[in-house]
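Reviewing the structure listed below.
A short reminder: the numbers here are calculations on the coordinates, not readings from a lab. Computed from a predicted structure; not experimentally measured. Glycine gets a Cβ as well: all are built from the backbone with ideal geometry, and neighbour counts include every protein chain shown.
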Amino acid sequence: MQPRTLMLPIFCLAMAGTVTAMAAETELSETDVSKCPTNKQWQNAYNKGDAMAVADLYGLGGIEVTPEGISEGRAAIKERVQKDQEQEKLRNLIIVATKCDVEESFRWSSGRWNADSPHGPMSGFWTAIEAKDGDVWKIHNLTYNLRPPPAGK
């Protein structure tokens, strides 16, 4: 195959990635947000300093994967959140869902977050997997990262 013949498929793949990335940054509509409200519940509990309310959003074997490591179970998650709050790692946390998919008993959501810290503004991305426990949704896995500071800082 000649190099010219490869240009169209490569261009199409590049454009598909660009469109997907742009779509991922779009905030959900009010209707879509109502299908995945856990991120706002998490945000509100954290900003109130209520580590127990954050931990209660998780299933019994809930897992958090964070830049600092993995926490498993509500007690470990509560302890991690309390420690963060005592050290005032994050203030004014804002969590925005940009994607939400709901099946009968599973829900997947993802988005971005930002907050103030003693070191300046911080931000990153997150994804959550939830399952129904009776009539209540519980987080089974929450993963988030920390966006590196801009180059030169």
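Please compute the modelled spin-label separation between ASN47 and GLU86, points set 7 Å along Cα→Cβ, answer in nm with one decimal.
It works out to 2.5 nm between the two label points.
Taking the Cα atoms of the stretch 28-144, what is the range of coordinates along each of the three principal axes, in descending order and whole Å?
41, 30, 23
Once amide H atoms are built 1.01 Å from N in the peptide plane, which residues 5 or more positions from ARG147, or in another chain, come under 5 Å H to H?
Counting only residues 5 or more places away or on other chains, the set is SER123, GLY124, PHE125.
Taking H placed 1.01 Å from N in the peptide plane, check which residues at least 5 places from ASP50 or on another chain put their amide H under 5 Å from its amide H.
none
So how far, in whole Å, is the C-alpha centre of the stretch 51-67 from the one of the stretch 109-153?
Rounded to whole Å, the Cα centres lie 12 Å apart.
Enumerate the calculated ³J(HN,Hα) couplings along the stretch 89-96 in order (Karplus 6.51 cos²θ - 1.76 cosθ + 1.60, θ = phi - 60°), each rounded to whole Hz, writing x wherever the residue is Gly or Pro.
Coupling constants for the stretch 89-96: 5, 10, 9, 6, 5, 10, 10, 10 Hz.
For labels at LEU60 and SER117 in the simple 7 Å Cα→Cβ model, what's the distance in nm?
So the label points at LEU60 and SER117 sit 3.4 nm apart.
State the extension gain, in nm to one decimal, for the chain segment bounded by GLU68 and LYS35, taking 0.36 nm per residue of separation less the distance between their alpha-carbons.
8.9 nm
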